[in-house]
Amino acid sequence: MTPFLKYVATDLRKKIGDDLSRTVVVFPNKRASLFLNEHLLNVDDKAPIWSPRYESISQLFRSLSPLQTVDSIEAVCTLYGIYKHHTGNTESPDFFYGWGERLLADFDDVDKNMADPARLFRNLKEIKELDSDFLDEEQEKVLREFFRDFSLHNNSVLRERYLKLWNQLLPIYHDLNATLAADGWAYEGQLYRQVVENLEKGATQLAPDIDRYVFVGFNVLDKVEERLFAFLQQQG
């Protein structure tokens, strides 16, 4: 059985030739690059070649942005200050940290799927305002383990705090993006989205010493990856 990367190597040599120096091969991660190099050499043992450059998809995005990917701890700490400012809540950093990681992951998903945050958070707010009894006795019992004072008959305070938070998600999202960018940082989804939007409006230019990008081994794509691939294809 012929390995997949051998098919890729044969196809690259057939279509491009021996000089791959102006080609970037992009993998989901860089582990496959060593194996592809071996297959490229074995396509024609007698012919020396200029090998391509290898990048992971994250390296490609970072190479097209002036921002650096922020450390997760730094991102959550920044988010904590913004969260307190908008909600007035005074939870300790330790109490907030796990939830802050979850919120940061949600913002990351928003950007990687190129969602409109204003519409998304508005719709979520409308959903949360629906006043329906959707918990059975067993579910209520589980929730009581997390919220000692939670009760279907006396949860107005909990609901009020919950809706207050949802109402602040959009300004928290915008302030986090702006604060990180002002310091030259971005969380991954923020950086990916900025790259695609700047490429599409001409604010970012592709590297002049690259003739082609070859994407190998990708399966399910985020919307931001689809947009990048489509843009590069349109540019030839």
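Less than 5 angstrom separates the built amide H of Val214 from those of Val24, Val25, Val26, all sequence-distant by 5 or more or on a different chain.
Counting 0.36 nm for each residue step from Ser72 to Gln234 and taking away their Cα separation leaves a gain of 54.9 nm. Ligands, DNA and RNA left out, the accessible area of the stretch 178-229 computed with a 1.4 Å probe is 46% carbon and sulfur. In order along the stretch 193-207, the Karplus-derived 3J(HN,Hα) couplings, from 6.51 cos²θ - 1.76 cosθ + 1.60 at θ = phi - 60°, round to 5, 4, 4, 5, 5, 5, 4, 5, 9, x, 7, 10, 10, 6, 4 Hz, and Gly and Pro are given as x. Over the stretch 29-76, the reciprocal of the mean inverse Cα-Cα separation, the Kirkwood hydrodynamic radius, stands at 13.5 Å.
Taking packing as the residue-averaged number of other Cβ atoms within 10 angstrom, the listed peptides 167-180, 27-40, 82-95 run from highest to lowest as 167-180, 27-40, 82-95. Each 10 Å bin from 0 upward holds the following percent of the Cα-Cα pairs of the stretch 191-236: 23, 58, 18. Here is the size of the stretch 1-97 from its Cα atoms: Rg then Dmax, 22.4, 70 Å. Given labels modelled 7 Å from the Cα in the Cβ direction, how far is it in nm from Lys223 to Asp18? Using points 7 Å along Cα→Cβ, the separation is 4.7 nm.
For Trp185, the residues whose amide H sits under 5 Å from its own are Gln68, ignoring neighbours fewer than 5 places away on the same chain, with H placed 1.01 Å from N.
On average, how much accessible surface per residue is there in the stretch 17-71, in Å², for a 1.4 Å probe, leaving out ligands, DNA and RNA? The partial results should precede the final answer.
Values: 3160 Å² over 55 residues.
Here the per-residue accessible area is 58 Å².
FRET efficiency for the Ala207 to Asp109 pair, using the beta carbon distance and R₀ = 41 Å, is estimated at 0.90.
Here the 3J(HN,Hα) profile of the stretch 74-87, calculated from phi with Karplus coefficients 6.51, -1.76 and 1.60 at θ = phi - 60°, is 4, 5, 5, 5, 5, 4, 4, x, 5, 4, 4, 4, 7, 9 Hz, Gly and Pro shown as x.
With each label modelled as a point 7 angstrom along the Cα→C-beta vector, the Glu101-Val43 pair spans 4.3 nm.
Put simply, when 66-77, 206-217 are sorted by average Cβ atoms within 10 angstrom per residue, most first, you get 66-77, 206-217. Each label was represented as a point 7 Å from its Cα along the Cα-to-Cβ direction; for Arg119 and Asn29 these points are 3.5 nm apart. Phi angles across the stretch 29-34 convert, under the Karplus curve 6.51 cos²θ - 1.76 cosθ + 1.60 with θ = phi - 60°, into 3J(HN,Hα) values of 9, 8, 4, 6, 4, 4 Hz, Gly and Pro given as x. Amide H contacts under 5 Å for Met114: Val224, restricted to partners 5 or more places along the chain or on a different chain, H placed in the peptide plane at 1.01 Å from N.
The values are calculated or read from the model by the stated rules, or taken from the named source; none is laboratory data. Everything numeric in this text was worked out from a predicted model, so none of it was measured. Please note: Cβ atoms are built from the backbone with ideal geometry, for glycine as well, and neighbour counts cover all protein chains shown. Side chains are part of the model used for accessible areas, which takes the heavy atoms of the whole protein and leaves out ligands, DNA and RNA. Shrake-Rupley method; radii C 1.70, N 1.55, O 1.52, S 1.80 Å.
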